[in-house]
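Below is one structure, written out as structure tokens, with a few remarks after it.
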Amino acid sequence: MKNFIITTIVFLFSLVSGANAADLEKILIQNATVITASDSRVLENTDVLIEGGFIVAIGGNLVANDAIQIDASNQIVTPGLIAPHSQIGLMEIQLERETRDDSTKYFSAGFSIVNAFNPSSTLIPHNRSGGITSAIVIPSAAKANYSGLASVFKMDGELDNDVILKDIAMAISFGAGSDSRASQILLLEDAFNKALRFNASKEQYRILADFDYDDHTIRDLEAILRVLNKEIPLIVRSNRAKDLLRMISIAKQYDVKIIFHGAKEAWRIADILAEEDIPVILDPMDNIPGSFDSIAARMDNAYLLNKAGVKILITSQNTHNSYLSRQGAGNAVAHGLPENEAIKALTANIAEVFGLSDLGTIDVGKTADLVIWDGNPLEVSSFATRVFIDGKQISLVSRSTRLRDRYLRKLGLE
């Protein structure tokens with residue numbers, strides 16, 4: 001294990017993508033099939049012109065003699081995929097605590113991971129080569145049922161590239177665990193009520209900077225207030241249908257915006273979720289009843305939710321392989337989800353739910369986060385041939401490709 005860690009550390013410094021990505025001012029992608037993930041849907045034999053990091057033109061037979069030209073005939077262009085729930089940049093090796101920055105025992109609701117994100121993580125090029133260009137990064141655990149605050153990062157690996165959006169959502173878990181569901185609800189209600197009382201006498205507590213208000217720091221209470229003021233949504237990881245209904249009741253009681261994560265039994269209350277306009281983050285590959293909380297799990301959950309009008313966001317439960325969200329999307333298509341809706345669940349829906357207005361679709365004026373694929377991106381046999389982030393072509397070299405090439409050379413198969 002220690003030798004593996006040393007190897008990983010060596011690769012941390014060799015996989016920073018920016019060193020291999022020239023600052024290209026103008027790029028013309030030609031003759032591609034463009035899946036826009038917007039109202040335009042799919043455009044055949046289409047060109048996309050990138051300039052200054054943005055998409056400046058989309059159409060047929062575009063002319064830009066001063067641009068670097070890329071022939072994408074028989075290839076597919078999509079928006080860069082967005083991981084809606086991951087610990088990319090916070091975790092290297094799950095079983096090695098010293099490589100993890102995704103949890104804390106000191107904070108609860110106010111645990112922000114912005115200052116822990118590692119742009120040189122080996123997981124970034126690994127997932128980027130699978131089409132992930134941005135990620136919603138969420139801590140895995142804090143005090144009580146809280147995970148903490150989510151932030152958005154680009155997957156370009158640049159040391160000077162700061163967070164896109166900081167602390168854009170709060171995450172909690174609700175369901176089977178070490179404590180009764182009744183207790184979890186009471187604790188959440190108590191925390192919300194404490195934050196409201198804190199808000200009424202905020203100046204008094206700011207004078208006492210180190211004061212802990214009933215096991216919640218001032219940082220925690222201020223974060224909860226952001227949820228109560230509808231500045232940020234509350235991501236609730238839960239699976240059982242009745243638990244989802246309980247959280248909807250809490251959301252109505254305190255007038256907060258919620259997003260469900262996991263939600264294996266969400267299909268049972270699909271009409272309610274659609275009526276309440278509650279998005280769902282789900283992994284279509286995580287479709288078996290793994291616990292008593294998900295007895296009613298089924299493989300067409302994504303299809304049934306989309307059919308009812310629920311906005312779905314597709315993720316992968318495995319942070320190390322967040323790019324497998326596209327495999328999950330393909331699996332959802334195999335069980336009835338329309339293909340265009342699957343692409344949107346990997347891109348446009350995520351951008352819309354989390355307020356990433358310049359990402360998620362291929363439209364003029366949007367940031368040029370794009371992926372060129374050698375086949376259908378929802379097929380496991382297809383691969384990204386080029387990835388662009390902010391209009392720059394980014395290296396597809398990763399630790400995995402280096403190991404592959406190393407052994408191919410040894411076998412004389414390179």
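The values are calculated or read from the model by the stated rules, or taken from the named source; none is laboratory data. The shown structure was predicted, so the numbers you read here are calculated from the model rather than taken from an experiment. Cβ placement follows ideal geometry from the backbone for every residue including glycine, while neighbour counts extend to all protein chains displayed. Remember, those area values only see protein heavy atoms, side chains included, never the ligands or the DNA or RNA. Shrake-Rupley method; radii C 1.70, N 1.55, O 1.52, S 1.80 Å.
Looking only at the range 137-150, decide whether some residue is open to solvent by less than 10 Å² (accessible area, probe 1.4 Å), assigned to a loop (DSSP other than H, G, I, E, B) and not aromatic (F, W, Y). Looking through the range 137-150, at least one residue is open to solvent by less than 10 Å² (accessible area, probe 1.4 Å), assigned to a loop (DSSP other than H, G, I, E, B) and not aromatic (F, W, Y). Entry remark, the range 360-414: residues being farther than 22 Å from G330 by Cβ, touching a helix residue (DSSP H, G or I) at 6+ places or on another chain (Cβ under 6 Å) and of a type in the set (A, V, I, L, M) number 1 in total. Identify, please: which residue in the range 151-182 is of a type outside the set (G, A, S) and under 13 Å from the mean Cα position of the chain (by Cα) and is, among those, surrounded by the most Cβ atoms within 10 Å (Cβ to Cβ)? So the residue we want is M155. Give me the pairs: first residue in the range 403-414 and touching a residue at least 12 places away in the same chain (Cβ under 8 Å), second residue loosely packed, with under 10 Cβ neighbours inside 10 Å and in a loop (DSSP other than H, G, I, E, B), beta-carbon distance under 8 Å, and six or more apart or on different chains, which are they? Once the first residue is touching a residue at least 12 places away in the same chain (Cβ under 8 Å) and sits in the range 403-414, no partner that is loosely packed, with under 10 Cβ neighbours inside 10 Å and in a loop (DSSP other than H, G, I, E, B) comes close enough. What pairs come out if I take residues in the range 344-372 that are without any contact (Cβ under 8 Å) to a residue 12 or more places away in the chain and pair them with residues that are in a loop (DSSP other than H, G, I, E, B) whose C-beta lies under 7 Å away, six or more apart or interchain? Within 7 Å, the pairs are D358/K366.
A count restricted to the range 28-46 and to residues that are in a strand (DSSP E or B) and either of a type outside the set (D, E, K, R) or under 28 Å from the mean Cα position of the chain (by Cα) (or both) stands at 12. Of the set (1) hydroxyl-bearing (S, T, Y); (2) in a helix (DSSP H, G or I); (3) under 20 Å from the mean Cα position of the chain (by Cα), all apply to S357 but (2). Would you confirm whether any residue within the range 374-389 is crowded, with 17+ Cβ neighbours inside 10 Å, in contact with a Phe, Trp or Tyr (Cβ under 7 Å, 6 or more places away or on another chain) and under 22 Å from T46 (Cα atoms)? Yes, the conditions are met somewhere in the range 374-389. Of everything listed in (1) touching a Pro at 6+ places or on another chain (Cβ under 8 Å); (2) of a type outside the set (A, V, I, L, M, F, W, C); (3) under 20 Å from V34 (Cα atoms), the single unmet condition for R128 is (1).
Tallying residues that are part of a loop (DSSP other than H, G, I, E, B) and closer than 17 Å to S112 by Cα within the range 151-182 yields 3.
Between A351, A384, A329, A342, the distinction of being within 20 Å of the chain's Cα centre (by Cα) and over 20 Å from L313 (Cα atoms) belongs to A384 only.
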